[in-house]
1. Return the single residue from Leu105, Leu66, Leu85 with maximal mean-square fluctuation; model: Gaussian network over the chain, springs between Cα atoms under 10 Å.
2. Between Ala57 and Leu7, take the C-beta separation as r, use R0 = 25 Å, and let me know the FRET efficiency to the nearest 0.05.
3. Rounded to the nearest 10 degrees, what's the angle between the helix 60-76 long axis and the longest principal axis of the chain, both from Cα atoms, 0 to 90?
4. Shape of the range 7-106 from its Cα gyration tensor (a ≥ b ≥ c, root eigenvalues): rounded if a/c is under 1.5, otherwise prolate when a/b > b/c, or oblate?
5. Sorting Phe98, Phe30 by accessible area (1.4 Å probe), largest first, what list results?
6. Enter the accessible area per residue of the chain (Å², integer; probe 1.4 Å; all protein chains in place).
7. So how much slack lies between Asp80 and Trp112, counting 0.36 nm per residue of separation and subtracting their Cα-Cα distance, in nm?
8. Label-point separation (nm) for Ala93 and Val20, each offset 7 Å from Cα along Cα-to-Cβ?
Amino acid sequence: MTSEDCLFCRIVAGEIPAEVVHSTERTVAFRDLNPQAPTHVLVVPREHQPNAAALAAADPEAAAELIRTAAAVAVAEGHDDDYRLVFNTGERAGQTVFHAHLHVLGGRDFTWPPG
Ligand code: 5GP
Ligand code: ZN
């Protein structure tokens with residue numbers, strides 16, 4: 001997988017449009033195309049890594065910044081205390097885009113266990 005054929009690399013590069021809500025030195029946050037809650041934002045590292053574990057291994061500071069950015073997005077969207085952060089890893093867990101991304105979901109009640 002190279003950045004030329006990775007959807008989220010192309011969004012980070014500005015080649016594919018997205019509604020960007022926040023960006024930092026190492027991360028970009030944009031609204032999910034198919035939202036599963038009133039707030040559904042994806043926070044992605046600018047560098048290509050296939051999943052969260054690979055990102056944390058390769059660049060721990062980028063992994064930490066992903067979580068800090070997610071919290072900033074949740075607060076900015078009005079969900080100071082109640083929101084859900086999700087990393088799907090692998091096809092059986094629902095991962096469909098193999099560029100690490102943290103889902104920030106807020107604005108409704110969530111059940112446990114997840115589906
Ligand atoms: P995953 O299923 O890999 O955890 O999450 C991928 C997410 O990317 C899905 O929630 C899906 O709706 C979102 N998505 C897929 N294609 C696009 C796109 O072109 N633009 C945006 N903004 N989101 C996308
Ligand atoms: Zn990528």
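1. Leu85
2. On the way: r = 22 Å, r/R0 = 0.89.
Efficiency computed from Cβ-Cβ geometry: 0.65.
3. 40 degrees
4. Numbers: a/c = 1.26, a/b = 1.25, b/c = 1.01.
Note, shape of the range 7-106 comes out rounded.
5. Numbers: Phe98 80, Phe30 5 Å².
Ranking Phe98, Phe30 by accessible area, largest first, yields Phe98, Phe30.
6. Details: 6640 Å² over 115 residues.
For the chain, the solvent-accessible area averages 58 Å² per residue.
7. Values: separation 32, 0.36 × 32 = 11.52 nm, distance 2.01 nm.
Here the answer is 9.5 nm.
8. 2.8 nm
The values are calculated or read from the model by the stated rules, or taken from the named source; none is laboratory data. Note that this is a predicted model, so its numbers are computed, not measured. Neighbour counts are summed over all protein chains in view; Cβ atoms, including those assigned to glycine, are modelled from backbone coordinates with ideal geometry. The accessibility values were calculated without ligands, DNA or RNA, using every heavy atom of the protein model including side chains. Shrake-Rupley method; radii C 1.70, N 1.55, O 1.52, S 1.80 Å.
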